[in-house]
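Have a look at the structure below, then the notes.
The values are calculated or read from the model by the stated rules, or taken from the named source; none is laboratory data. Remember, predicted model here, so these are calculated numbers, not experimental data. Don't worry about glycine lacking a Cβ; one is built from the backbone with ideal geometry, like all the others, and counts go over all protein chains shown. Surface accessibility is based on the protein's heavy atoms, side chains included, excluding ligands, DNA and RNA. Shrake-Rupley method; radii C 1.70, N 1.55, O 1.52, S 1.80 Å.
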Amino acid sequence: MDTSFFSEMALELHNEPTAERTIERIAEFAMSATSCDDAGIMLVHGRNQIETAAATSSRVGESHNLQIIFDEGPCLDAIEGGPLYLSNDVATDVRWPAWGPAVAELGMRSVLSIRLETRARRYGSLNLYSERLDAFDDDDIAVGSIFVTHASVALASAHNEEGLQVAIDARKLIGQAQGILMERYDLDANRAFDFLRRLSQHHNIKLRDVAAWVVEHRTSDEVDLAVSAPKGEIS
């Protein structure tokens, strides 16, 4: 495959606005990069939660769900075991005796699952499906391996940028709430922040949410009564 494909893919993935859209585009690119008929991505959240984050058809989602039901399959194995699993005929593959025949009934006969990971984190697996037997060859494996490297970096970047944006937005919101309190109560910046922090601790609410409440109720007398609100609630 032309190396320009991967360069263009990396640029497009980097420009996607959210992690969700990045994941969708990874599955779409996989359709173009290999000999598959369908593609999907399973992601790991925490230690035990696994979900289908992208699927190019409903049967991909069914295939993933069947792996969770039967607790077996190449997509799960790619996350928890080795980095790559290939089956040229899922219906007769002894590694997945329950999942394989069930997926064959969906019209899928070959599967290639490759782990999505960086050195810092294991994200999940990219899973390629074909309706044909013996669909994936060494070239598909090579292309898929290069592909998941680019995709994993893009996925990591998207997660990091979203996390950074959330932190930036929270900081802006807290700063806005500080400004409101400073003007309303003639406080300096440190005392205004301490006031927000005390509200957060007293009502067991995140500082960002307290700031959002102050901003929303900035013209209301309820701000004056906030400290006496029931624990766990500001209203």
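If you scan segment 17-42, which residues turn out to be outside any helix (DSSP H, G or I), closer than 16 Å to residue 156 by Cβ and open to solvent by less than 40 Å² (accessible area, probe 1.4 Å)?
Across segment 17-42, the qualifying residue is only 41.
Of all residues being closer than 15 Å to residue 65 by Cβ and out of contact with any Leu (no Cβ under 7 Å at 6 or more places or on another chain) in segment 121-134, which is surrounded by the most Cβ atoms within 10 Å (Cβ to Cβ)? Just the residue, please.
127
Suppose the filter is open to solvent by 40 Å² or more (accessible area, probe 1.4 Å) and within 14 Å of residue 129 (Cα to Cα); does residue 105 pass it?
In short, yes.
Counting only residues that are open to solvent by less than 60 Å² (accessible area, probe 1.4 Å) and at pLDDT below 85, which one in segment 44-82 is farthest from residue 150 (Cα to Cα)?
The residue in question is 50.
Given the condition touching a residue at least 24 places away in the same chain (Cβ under 8 Å) and more than 19 Å from residue 16 (Cβ to Cβ), answer yes or no: does some residue in segment 148-159 qualify?
No, the conditions are met nowhere in segment 148-159.
Here are 118, 92: which of them is polar (S, T, N, Q), modelled with pLDDT of 90 or more and surrounded by fewer than 19 Cβ atoms within 10 Å (Cβ to Cβ)?
92
Does segment 169-179 include one or more residues that are acidic (Asp, Glu) and under 30 Å from residue 67 (Cβ atoms)?
No, every residue in segment 169-179 fails to be acidic (Asp, Glu) and under 30 Å from residue 67 (Cβ atoms).
Looking at segment 103-122, I want the residues that are at positive phi and have a partner that is surrounded by fewer than 20 Cβ atoms within 10 Å (Cβ to Cβ) and of a type outside the set (A, V, I, L, M) with Cβ atoms under 6 Å, at least 6 apart or on another chain. Which pairs are those?
107/131
Restricting attention to segment 113-144, and to residues there that are within 15 Å of residue 39 (Cβ to Cβ) and polar (S, T, N, Q), which single residue is nearest to the chain's Cα centre (by Cα)?
125
With respect to residue 83, determine if the residue is of a type outside the set (Ser, Thr, Tyr) and within 18 Å of residue 39 (Cα to Cα).
So residue 83 fits the description; yes.
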